[in-house]
Amino acid sequence: MKRVVTMQDISCAGKCSLTVALPILSALGAEAVILPTAVLSTHTMFQGFTFHDLTADLRAIIAHWKKEGFTFDAVYTGYLGSFEQLDIAAELIDTFGQGKPVIIDPCMADNGKLYTGFSPEFAKGMAKLCAKANIICPNMTEASFLLDIPYAESYDEDYVKDVLKKLAALGPEVAILTGITFREGTLGAYGYDRTKDAFFYRYTEEQIEHFHGTGDIWASTLTGALVKGCALEDAVQLACDYVCESIRLTLAEENHNTYGVNFEQAMGMLTK
Ligand code: PXL
């Protein structure tokens, strides 16, 4: 059985980070080993969330796994909350990611803005971590902070390709920009494989509302599908389709919540 180690926080309520990564990796048939960086009562879009930092435990957890002889078929990092956690993510990759797919989702920003608690300096640290990845999957806002370029609200295909080449120059073999659209009613991900000097675009129908946590669902699906043996472009398509269906099912529910999507009800797409 394939085994993935994923490092991100536990937002107890809010349907993001580990509370979506774990079930999605399981649904795709992979064992999910978790390195939880912090426990929050909710994700940071809520007011007044609690926060318990687990940084002090992380190196001991990694050391124990090493002693036990654990190996992993992929290393996947998501939301990381501090410079020290970036260092520990680098150590996790050095310890367990050699010759294995390393997927870094540089969760830190959306809609032109950094999330609460992040700084442009942190984005520089994240850019350095991205050098250790095989695949990175930022949205356009995260890409602009990683590259220290202005955020482009509108763009054309040439601009997207230029950003992707710059992202790949940070070090990863594959850079994927999520949330890319060129035509109303569609939304998808544009990728660049530096080793083949090849671009690809996979998209689906755009839902009328956007929700929190969908980036984590997207990256978890990508990781699980790749570990299962899907080709990169197929894994990207599945991730787009699964997020789209999760939002569709959310909107179909009367009085649905606004903090996350009904990814649970779309899970049949992953177990098939
Ligand atoms: O979905 C990304 C994410 C993960 N974890 C926490 C967050 C966010 C986004 O805001 O706040 C704690």
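The values are calculated or read from the model by the stated rules, or taken from the named source; none is laboratory data. These figures come from a predicted structure and were not determined experimentally. No Cβ is skipped: glycine too gets one built from the backbone with ideal geometry, and neighbour counts run over all protein chains shown. Areas reflect the complete protein model, heavy atoms only, side chains present, ligands, DNA and RNA absent. Shrake-Rupley method; radii C 1.70, N 1.55, O 1.52, S 1.80 Å.
Give the distance, in whole Å, between the Cα centre of region 110-130 and the Cα centre of region 39-70.
What the calculation gives is 19 Å, centre to centre.
State the percentage of accessible surface on region 74-196 attributable to carbon and sulfur atoms; use a 1.4 Å probe and exclude ligands, DNA and RNA. Write down the numbers at each step before the final one.
On the way: 2440 of 5130 Å².
In region 74-196, the share of accessible area belonging to carbon and sulfur is 48 percent.
Quick one: which residues, 5+ away or cross-chain, put their amide H under 5 Å from the amide H of Thr37? H built at 1.01 Å from N.
Those lying under 5 Å, H to H, from Thr37 are Gln8, Asp9, Ile10.
How large is Rg/Rh for the chain, to two decimals, with Cα atoms and a Kirkwood Rh?
On the way: Rg = 17.2 Å, Rh = 18.5 Å.
Ratio of gyration radius to Kirkwood radius for the chain: 0.93.
With Kirkwood's inverse mean 1/r over C-alpha pairs for Rh, give me the Rg to Rh ratio of region 76-179, two decimals please. Don't jump to the answer; show the numbers that get you there.
Numbers: Rg = 13.0 Å, Rh = 13.6 Å.
Expressed as Rg/Rh, it is 0.95.
Please find the FRET efficiency linking Glu184 to Ala13, where r is the Cβ-Cβ separation and R0 is fixed at 30 Å, and quote it to the nearest 0.05.
Details: r = 33 Å, r/R0 = 1.11.
That pair, Glu184 with Ala13, gives E of 0.35.
In whole Hz and in residue order, list the ³J(HN,Hα) couplings for region 170-185 that follow from phi through the Karplus curve 6.51 cos²θ - 1.76 cosθ + 1.60, θ = phi - 60°; x for Gly and Pro.
5, x, x, 6, 10, 10, 10, 9, 9, x, 9, 9, 10, 9, 3, x
Quote the FRET efficiency, to the nearest 0.05, computed for Lys67 versus Arg248 with a Förster distance R0 of 41 Å and r equal to the Cβ-Cβ distance.
On the way: r = 46 Å, r/R0 = 1.12.
Efficiency, rounded to the nearest 0.05: 0.35.
Would you kindly derive the ³J(HN,Hα) couplings of region 45-50 from the backbone phi angles with the Karplus curve 6.51 cos²θ - 1.76 cosθ + 1.60 (θ = phi - 60°), listing them in order in whole Hz, with x for Gly and Pro?
7, 7, 8, x, 5, 8
Using θ = phi - 60° and the Karplus curve 6.51 cos²θ - 1.76 cosθ + 1.60, what whole-Hz ³J(HN,Hα) does each residue of region 142-150 get, with Gly and Pro shown as x?
Listing the rounded values in order: 4, 4, 5, 6, 4, 9, 6, 10, x Hz.
Which pairs in the list Lys113/Lys272; Lys100/Lys124; Lys67/Lys228 are over 29 Å apart, alpha-carbon to alpha-carbon? Walk me through the numbers on the way to the answer.
Values: Lys113/Lys272 37 Å; Lys100/Lys124 24 Å; Lys67/Lys228 27 Å.
Where the Cα-Cα span goes over 29 Å, the pairs concerned are Lys113/Lys272.
Tell me the label-point distance for the pair Arg3, Lys196, using the 7 Å Cα-to-Cβ offset, in nm and rounded to one decimal.
Result for the modelled spin labels: 3.1 nm.
Probe of 1.4 angstrom, ligands and nucleic acids ignored: what's the accessible area per residue over region 175-272, in square angstrom? Working shown, then result.
Numbers: 4520 Å² over 98 residues.
Counting only protein heavy atoms, the per-residue value for region 175-272 is 46 Å².
Which loop trypsin sites (Lys or Arg not before Pro) in region 132-194, with loop taken from DSSP, have no more than 13 other Cβ atoms within 10 angstrom of their Cβ? Could you put the intermediate results ahead of the total?
Details: sites: Lys132, Lys161, Lys165, Lys166, Arg183, Arg194; in loops: Lys132, Arg183, Arg194.
When the trypsin sites (Lys or Arg not before Pro) of region 132-194 are filtered for loop state and at most 13 Cβ neighbours within 10 Å, Arg183 remain.
How long is the gain from Lys128 to His52 if the chain were fully straight, where each residue apart is worth 0.36 nm and the alpha carbon distance is subtracted?
Values: separation 76, 0.36 × 76 = 27.36 nm, distance 2.57 nm.
Between Lys128 and His52, full extension yields an extra 24.8 nm.
Amide H of Ile180 versus every other amide H placed in the peptide plane: which residues, excluding those fewer than 5 positions away on the same chain, fall under 5 Å?
Gly188, Ala189, Tyr190
Ranked highest first by the average count of other Cβ atoms within 10 Å around their residues, in what order do 212-220, 262-270 fall? Write down the numbers at each step before the final one.
On the way: 212-220: 25.9, 262-270: 17.6.
Answer by packing, highest mean first, reads 212-220, 262-270.
How many percent of DSSP beta bridges within the chain run antiparallel, rounded to 5? Could the numbers behind the result be given before it?
Details: 18 of 39 bridges.
Counting DSSP beta bridges with both partners in the chain, the antiparallel share is about 45 percent.
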